[in-house]
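One structure below.
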Amino acid sequence: MSAQQPSLPTISETNHLDLPGFIKVISLLFEPTALLAQRIYNSRPFQSYDQLLDRADGLIKQMSPLEQLEVVNAHPRIGEKATNLSALSKVEQGKPAENEDAVIAKWAELNKKYEDTYGFRFVVFVNGRSKESLFPVVEARIAHGDKNKELVTGLSEMVDIARDRARKLQAASSSPKI
């Protein structure tokens with residue numbers, strides 16, 4: 001039995017949710033982060049999810065570096081055990097590779113190296129790529145060594161992920177049910 005994909009309420013419904021309900025919706029788009037959800041909540045109403053995500057992007061850029069670290073660290077690590085992932089992250093990180101144990105071990109090593117270098121989690125918009133194909137991406141991002149650039153990149157990737165999730169969830173919500 002496959003897990004049912006979460007649904008996204010209309011933007012009008014989202015605008016009228018109480019804070020706990022709003023946080024649940026924002027946690028579908030971004031990984032759970034009450035700080036960001038509260039700031040977006042205080043910026044309502046929105047005419048569309050695109051407008052909501054544009055505002056979220058602006059709010060993230062206005063946050064202090066410590067707040068930005070809290071937001072980026074809400075994102076799961078690539079290669080983390082499926083039990084530690086949200087339903088959408090499980091789908092985005094794809095099916096296990098034939099050599100999954102080796103891939104997971106390599107990701108554990110790369111995640112540690114990245115976090116030791118920058119002090120926060122590596123975030124990339126996977127966009128259907130295999131976990132193995134992302135090894136050169138994380139290695140290149142470790143090698144450049146620019147913490148500020150890396151934080152901006154990770155946060156931007158999170159917004160890209162949220163935009164992709166919103167598009168997919170809206171499409172799924174509007175498709176006819178059989």
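The values are calculated or read from the model by the stated rules, or taken from the named source; none is laboratory data. All of these numbers come straight from a predicted model, not from anything done at the bench. Please note: Cβ atoms are built from the backbone with ideal geometry, for glycine as well, and neighbour counts cover all protein chains shown. Note: areas computed on protein heavy atoms with side chains; ligands, DNA, RNA excluded. Shrake-Rupley method; radii C 1.70, N 1.55, O 1.52, S 1.80 Å.
Among the numbered criteria (1) under 23 Å from Glu70 (Cα atoms); (2) over 16 Å from the mean Cα position of the chain (by Cα); (3) surrounded by 12 or more Cβ atoms within 10 Å (Cβ to Cβ); (4) not aromatic (Phe, Trp, Tyr), which one does Ser130 miss?
(1)
Consider the stretch 12-46. How many of its residues are within 18 Å of Ile161 (Cα to Cα) and open to solvent by less than 30 Å² (accessible area, probe 1.4 Å)?
Residues in the stretch 12-46 being within 18 Å of Ile161 (Cα to Cα) and open to solvent by less than 30 Å² (accessible area, probe 1.4 Å): 10 in total.
In the stretch 133-143, which residue that is surrounded by fewer than 18 Cβ atoms within 10 Å (Cβ to Cβ) and either aliphatic (A, V, I, L, M) or modelled with pLDDT under 95 (or both) is nearest to the chain's Cα centre (by Cα)?
Taking the candidates together, the pick is Val137.
Being among the polar types (S, T, N, Q) and either assigned to a loop (DSSP other than H, G, I, E, B) or modelled with pLDDT under 95 (or both) is the filter; apply it to the stretch 53-81 and report the residue that is surrounded by the fewest Cβ atoms within 10 Å (Cβ to Cβ).
Ser64
Just need a number here: residues in the stretch 145-166 that are at pLDDT below 95 and open to solvent by 60 Å² or more (accessible area, probe 1.4 Å).
Adding up the residues that qualify gives 0.
Out of curiosity, is Val124 of a type in the set (A, V, I, L, M, F, W, C), under 20 Å from Thr33 (Cβ atoms) and open to solvent by less than 70 Å² (accessible area, probe 1.4 Å)?
yes
Taking helices (runs of 4 or more DSSP H) that do not extend beyond the stretch 1-49, which have at least 1 residues that are modelled with pLDDT under 95?
19-29, 34-41
I need a count of the residues in the stretch 133-155 that are of a type outside the set (A, V, I, L, M, F, W, C) and either in contact (Cβ under 8 Å) with a residue 60 or more places away in the chain or in a loop (DSSP other than H, G, I, E, B) (or both).
Going through the stretch 133-155 one residue at a time, the tally reaches 3.
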